[in-house]
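See structure below.
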Amino acid sequence: MLTRRATIHPPRVAIRSRRATRARDGRRRRDARVRASARITLVRCDVKAEAMDDFLRLTEENARASVREAGNVRFDVLRDEKDRNLVTLVEIYADDASAAKHKETKHYETWRDEVADMMAAPRSAETYLAIEPNDDAWTYANAVTWNEDDDQSEMVNASCVHVHCECAAGDEAAFASACAKNASESALEDGNLRFDVFQSAESARKFLLVEVYDGAASAVAHKSTPHYEAWREEVANMMARPRQARAYDVVFPPTKISWREDACGDACDTTW
């Protein structure tokens, strides 16, 4: 007599677990592709002192139009706290095509032509890759999150710092991982508006940390957190040279909600 072999089915929990793992891995691969396609550019502008007021007005007009472009993620305008003639533009687009189309817009061409004679030196640009935030939500949301009736002075007392880091050769992956972990935990702090990690497209050893808090007190409190102290100790022996920080006044975007979507809520998702 033939006997039927019993079929052993894996527990439903195990099936769901495998499905969840595959789905999570799929999201990670997709998110990695999204981050890899993003175009992050920092444009340095050395402006003639007597032209600064007009330059800032024209640049803010250009930024307000740029954040409404398809594919734009961020368009920040920052004025150096120490060298008042330096302005940095942080331009983030979802991909190369979106960034290229920006250069074809009427508002960009108008800005370029009108500020040409205001420059004390030619503009310079640096390109970066996104390390953190580590999801793709930022490609679908940008600084178009406020209206003209909102308080346009919310960011006057904000703390905006760019920390430039260079790690030793061979430590690139470990340094990026440590920075991403610190950034993801820092984004949960009270008062944090943004904590991004970028890696230079020209040199894999160079990184940029974009740290934005609602005020000096929140920025100082960050330095006392366990995750910051752990990060500082972990990367100490990876540094090729001391970190360099540049502080900025925020010109645009002008409201907290345009830096962090949940600035007044309980969730912790960053705007980009």
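Points to keep in mind about this one:
- Note on GLU233 and ALA70: the model spin-label points, each 7 Å out from Cα along the C-beta direction, lie 5.1 nm apart.
- Each other residue within a Cβ distance under 12 Å of TYR108 adds +1 if Lys or Arg and -1 if Asp or Glu, for a net charge of -3.
- Whole-Å semi-axes of the ellipsoid equivalent to segment 149-222 (Cα gyration tensor, √5λ, descending): 28, 13, 9
- Cα centre as origin, Lys/Arg/Asp/Glu Cβ charges: segment 32-108 dipole, Debye: 340
- Cβ-Cβ FRET estimate between LYS106 and LYS82, R0 fixed at 35 Å, reported to 0.05: 0.50
- Sorting 153-162, 229-238 by their mean Cβ neighbour count within 10 Å, with the most densely packed peptide first, gives 153-162, 229-238.
- Highest mean first, the peptides 251-259, 202-210 sorted by other C-beta atoms within 10 Å per residue fall in the order 251-259, 202-210.
- Average projection area in nm² (convex hull over Cα atoms of segment 42-85, one quarter of hull surface): 3.3
Each value in this text was obtained by applying a stated rule to the coordinates, not by laboratory testing. Because the structure is predicted, anything quoted here is derived from the model rather than measured. When we count neighbours, we look across all protein chains shown, and the Cβ atoms used for this are built from the backbone with ideal geometry, even at glycine.
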